[in-house]
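Values in this text are rule-based calculations from the coordinates and carry no lab data. Keep in mind that what you see is a predicted model, and the values were worked out from it rather than measured. Here Cβ is always computed from backbone atoms with ideal geometry, including for glycine, and neighbour counts include all displayed protein chains.
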Amino acid sequence: MTDPTAGGEHDHDRHDDVICQIVAGDLDAAVVHRDDRLIAFLDHRPVFKGHVLIAPVHHVDNLLTLPEDLMQPMLGLARRMSLAVIDGLGATGTFSAINTIVSQSIPHLHFHVVPRTKGDGLRGFFWPRTRYAAGEAADYAARIAAALALVDSDDA
C-alpha cells in the first residue's frame with residue numbers, strides 16, 4: 001500500500017495527479033483555502049458554479065488510506081466550506097461526496113462540496129436504484145457488520 005502520509009516521493013506519477021500538480025504550483029487553480037494539511041479549490045468542470053474540491057496537501061490515494069489525524073480536519077473543512085458556499089453564494093444547501101476508487105477521476109483523495117438550490121435539476125444519485133428481496137437486507141447487513149468487526153479488530 002502507498003504510504004498515505006508521503007509527500008513527494010511516492011509510487012504514483014504526479015503528472016497524472018492534478019491535485020499534486022496544483023499543490024506544487026505546476027497547475028493553476030482557483031484556490032479558496034490552503035493550510036499545511038489541506039487545500040480547497042474550485043472544480044474546473046463544476047456540477048454547479050462554486051463546486052469546491054477539498055484534498056490533503058500531501059498525497060493520499062483515497063479514503064481507504066486517509067490517515068486518522070486528517071479525518072477530523074478534512075470533514076471539519078468540508079462542514080465549514082458547506083457553510084461558506086451557502087453564505088457566500090446564496091445556495092440553499094450543498095451536496096457533499098467522496099468517490100473511493102470507482103468513479104474517482106483523480107488518483108488523489110478529494111471531497112466534493114457542490115452548491116445546491118431547490119429545483120436546480122440535480123436528482124439524488126446518478127445511478128439507478130434497486131430493492132432488496134425478502135430477507136436479503138438482513139443478509140447484507142450481517143455480512144457488512146462482520147467485515148466491519150474484522151476491520152475494527154485490525155485497527156485495535
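One table, with the values for the structure above:
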| read-out | value |
| --- | --- |
| Charge dipole (the chain, unit charges on Cβ, about Cα centre) - positive-most of 102, 52, 134 | 134 |
| HN-Hα J in Hz across segment 47-60 - Karplus 6.51, -1.76, 1.60, θ = phi - 60°, x for Gly and Pro | 5, 9, 4, x, 5, 10, 10, 10, 8, x, 5, 7, 4, 10 |
| For residue 58, distant residues with modelled amide H under 5 Å away | none |
| Table column - 3J(HN,Hα) (Hz), segment 87-95, Karplus curve with 6.51, -1.76, 1.60, x for Gly and Pro | 5, x, 10, x, 5, 7, x, 9, 10 |
| For the chain, size of Cβ-based charge dipole, Lys and Arg +1, Asp and Glu -1, in debye | 1120 debye |
| Most positive-pole-ward Cα, 62, 148, 91, against dipole of the chain from beta carbon charges | 91 |
| Rounded FRET efficiency, nearest 0.05, which uses the C-beta distance separating residue 37 from residue 149 and R0 of 25 Å | 0.20 |
| Global form of the chain, assessed from the alpha-carbon gyration tensor, a/c cut-off 1.5 | oblate |
| Exposure proxy order (Cβ contacts within 10 Å, fewest to most) of 144, 39 | 144, 39 |
| Estimated vicinal HN-Hα couplings, Hz - segment 137-147 in sequence order (Karplus 6.51, -1.76, 1.60; Gly, Pro = x) | 4, 4, 5, 4, 4, 5, 5, 5, 4, 5, 5 |
| Exposure rule at most 16 other beta-carbon atoms within 10 Å, DSSP loop trypsin sites (Lys or Arg not before Pro): the chain longest free segment | 50-117 |
| Förster radius 25 Å - calculated FRET efficiency between residue 47 and residue 24 (Cβ-Cβ, nearest 0.05) | 0.45 |
| Extension gain from residue 89 to residue 63, taking 0.36 nm per residue of separation minus the Cα-Cα distance | 6.5 nm |
